[in-house]
Amino acid sequence: MKNLDCLNVLIVGVGGQGTLLASKLMGKCFMEKGFDVKVSEVHGMSQRGGDVQSNLRLSTEPIYSDLIRCGAADLIISMEPMEALRYLPYLKPEGWIVTSSKPFVNIPNYPDLEDIIAHVKAVKNHVLVDVEELAKQAGAPAQAANMVLLGAAIPMLDINYDKIIAGVQRIFSRKGEAVVASNVAAIEAGYKAK
């Protein structure tokens, strides 16, 4: 998917998983590359653990709409497998899905995880990552799982790994060196995951 002059990315999850922070970081990195960036966020129920999504549109040409239509997403980054399943209709046939393999069970009738994973694996271009385990192995808190997932998505993006790391350093610098280091370690863990 590299070297595109237009990229449509959906970043989805559940409130509190860092979906909006991941889209902010990606948007800033692409703006620094000279891309026109449009972001549309839906997060009204995020305080209650509801669905959160960011439409991230990136182009070397002007963008006139900030929403991604069904079948037009080049990449879906999902913090949670059920949300990956919910947004599969937005993925292009040749698109990629990068998702956490661990559920965030916030409803009593959460679908069968094996069925969800089977649907994700049916997508030709998919990456399943145990983000919580990789964050733990990297010495990062569970809250850095979004950075693990972003790291796993870097190979599908037209962006340099070092640009993402520099973006993390800028965004988290006011929180101290320890926070920067744990988020960098989380991105590295995701980037190295196979």
Residue in the range 167-194 that is most open to solvent (accessible area, probe 1.4 Å), counting only those that are more than 25 Å from Glu80 (Cβ to Cβ) and free of Cβ contacts under 8 Å to residues at least 24 places away in the same chain: Arg174
Pairs where the first residue, in the range 132-153, is closer than 16 Å to Ile171 by Cβ and the second is aromatic (Phe, Trp, Tyr), C-beta under 8 Å, 6+ apart: Gly151/Tyr191
Selected residue (only one of Ser54, Ser59, Ser100 is open to solvent by less than 20 Å² (accessible area, probe 1.4 Å), over 16 Å from the mean Cα position of the chain (by Cα), closer than 23 Å to Ile165 by Cα and of a type in the set (S, T, N, Q)): Ser59
Test for Asn146: is it closer than 21 Å to Asp5 by Cβ, among the polar types (S, T, N, Q) and open to solvent by less than 10 Å² (accessible area, probe 1.4 Å): no
Those residues of the range 151-163 which are modelled with pLDDT under 90 and buried (at least 24 other Cβ atoms within 10 Å of the Cβ), in sequence order: Leu157
Any pair with Cβ under 8 angstrom, 6 or more apart, that starts in the range 75-94 at a residue that is free of Cβ contacts under 8 Å to residues at least 60 places away in the same chain and under 20 Å from Ala145 (Cα atoms) and ends at one that is hydroxyl-bearing (Ser, Thr, Tyr) and open to solvent by 60 Å² or more (accessible area, probe 1.4 Å): none
Within the range 117-130, considering residues that are within 14 Å of Lys102 (Cα to Cα) and touching a helix residue (DSSP H, G or I) at 6+ places or on another chain (Cβ under 8 Å), the one most open to solvent (accessible area, probe 1.4 Å): Leu128
Among the residues listed as Glu94, Glu83, Glu133, Glu114, the single one being open to solvent by less than 10 Å² (accessible area, probe 1.4 Å), charged (D, E, K, R) and either at pLDDT 90 or above or more than 24 Å from Ala178 (Cα to Cα) (or both): Glu83
Check on Lys28, at pLDDT below 85, farther than 27 Å from Asp130 by Cβ and open to solvent by less than 80 Å² (accessible area, probe 1.4 Å): no
Members of the range 12-36 found to be closer than 16 Å to Ile164 by Cα and not in a helix (DSSP H, G or I), listed by number: Gly18, Lys33, Gly34, Phe35
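The values are calculated or read from the model by the stated rules, or taken from the named source; none is laboratory data. Note that the coordinates shown come from a computational prediction; the quantities given were computed from them, not determined experimentally. FYI the Cβ positions are ideal-geometry reconstructions off the backbone, even for glycines, and counts take in every protein chain you see. Quick note on the areas: whole protein, heavy atoms, side chains included, nothing else; ligands and nucleic acids left out. Shrake-Rupley method; radii C 1.70, N 1.55, O 1.52, S 1.80 Å.
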